[in-house]
Each structure stands twice: as structure tokens, then as C-alpha cells.
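**Student:** Sharing a structure, written as C-alpha cells. Questions coming.
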Amino acid sequence: MISLTVNHQRHEVDVPDEMPLLWVLRDEIGLKGTKFGCGIAQCGACTVHIDGEPTRACVTPVGSIGAKAVTTVEGLGDTPMGKAVQAAWMHLDVPQCGYCQAGQMMAASGLLRSTPKPSDAEIDDAMRGNFCRCATYTRIRAAIKTAAGINASDNREV
């Protein structure tokens, strides 16, 4: 039996230690926001936070979590930064198909936690490896800037 904290709630799951966190979240706990993309940590669709750090859930064994806190897209709005990211995504109508957007928002909120006013280069670096088949990258960057209080067109604070 493995005990873990997800979105501030304690869960007990009877799964093997090596089971990927992604499948525990989706199949055992019932949180479907975190998506399966590639299964090899290359696309970012499965990004969650472990103790505040963006992490690929598809390759993270649940047994490695221990006492660390897991946050999924369902719990993202529990923080002011998460709320700001979600509001910016909705305001700018970022998603098209939406499949990758949970991972995109988790990566973006991780960036803004560590770098509250990121430059374009910092955004590009932090978001590298989070793929969007619909190519909404321009809107993703604008939403990150909006959430950070930066004018998306000229980097001025608003």
C-alpha cells in the first residue's frame, strides 16, 4: 500500500512501487486532467508538480514520491499563481484541441513560481519539451506573460 498526497488530499493506493504516477492519478485516484502523450517524458502532456517542480508523471514511479506533495491540473487553481495561469489561458482562448494544455499550464505555473517576470528566452527554455500539435505557442507565451502581469506585446508590466 502506497500513501501519497495529491492536491492536498491523502490517498492510499494498492499498486506496485514502479507503476507510473500518471496511471495512479488517472486509473486509481480518478483524476483525468493529466494526459498520456508519449510515455517517454518527451511531450509534456503528463506534467504535474511534485513539491512544486514540474515533473513528467509518465516516467515517475509512484514509489519514488514518498512524502512529497503532488499537484495536478485539478489542483492548480488552489494557488494565486495557478488561478492567474488558468484565467490567462481562458481569457486568451489558448487551447484548440486542448489535449496538451494541462501539461502546458503546469509547466507555465512552475516557471512563474521560480521566475515571476520571465523573458521570452526564459519562457522558451521552461516550455521546451511541452509540445502542442495545434501549435498554439504564440498564445501560450502571451498567456504566460498575462499571468505574470507583463504586456504580451512589449514586455511592459501591466
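Rule-based calculations on the coordinates, nothing more; no lab input. Computed from a predicted structure; not experimentally measured. Reconstructed Cβ throughout: ideal geometry from the backbone, glycine too, with neighbour counts over all protein chains shown.
**Student:** Based on the Kirkwood radius over alpha-carbon pairs, what is the Stokes-Einstein translational diffusion coefficient of segment 2-75 at 4 °C with 1.567 mPa s viscosity, in µm²/s? Intermediate results must be reported in sequence, preceding the final value.
**Tutor:** On the way: Rh = 11.8 Å.
The estimated diffusion coefficient comes to 110 µm²/s.
**Student:** I would also like to ask the following. At q = 0.15, 0.16, 0.19 Å⁻¹, work out log10 I(q)/I(0) for the chain with the Debye formula, treating every Cα as an identical point scatterer and leaving solvent out; two decimals please.
**Tutor:** -0.73, -0.82, -1.11
**Student:** For A67, what charge total do you get from the other residues with a beta carbon under 13 Å from its beta carbon, if Lys and Arg give +1 and Asp and Glu give -1? Provide the component values of the computation, followed by the final result.
**Tutor:** Numbers: positive: R10, K68; negative: D51.
Every neighbour counted, the sum reads +1.
**Student:** I've got another one for you. Can you compute the charge dipole magnitude of the chain about its Cα centre, using +1 on each Lys and Arg Cβ and -1 on each Asp and Glu Cβ, nothing else charged? Give it in debye, rounded to the nearest 20. All intermediate terms of the calculation are to be shown ahead of the outcome.
**Tutor:** Values: 15 positive and 17 negative charges, 90 e Å.
Computed about the Cα centre, the dipole is about 440 debye.
**Student:** Related question: Which whole-number percentage describes the relative contact order of segment 2-75, with Cα contacts under 8 Å and a sequence gap of 6 or more? If you can, show how the numbers build up before the last one.
**Tutor:** Numbers: 141 pairs, mean separation 28.7, N = 74.
Computed value for segment 2-75: 39 percent relative contact order.
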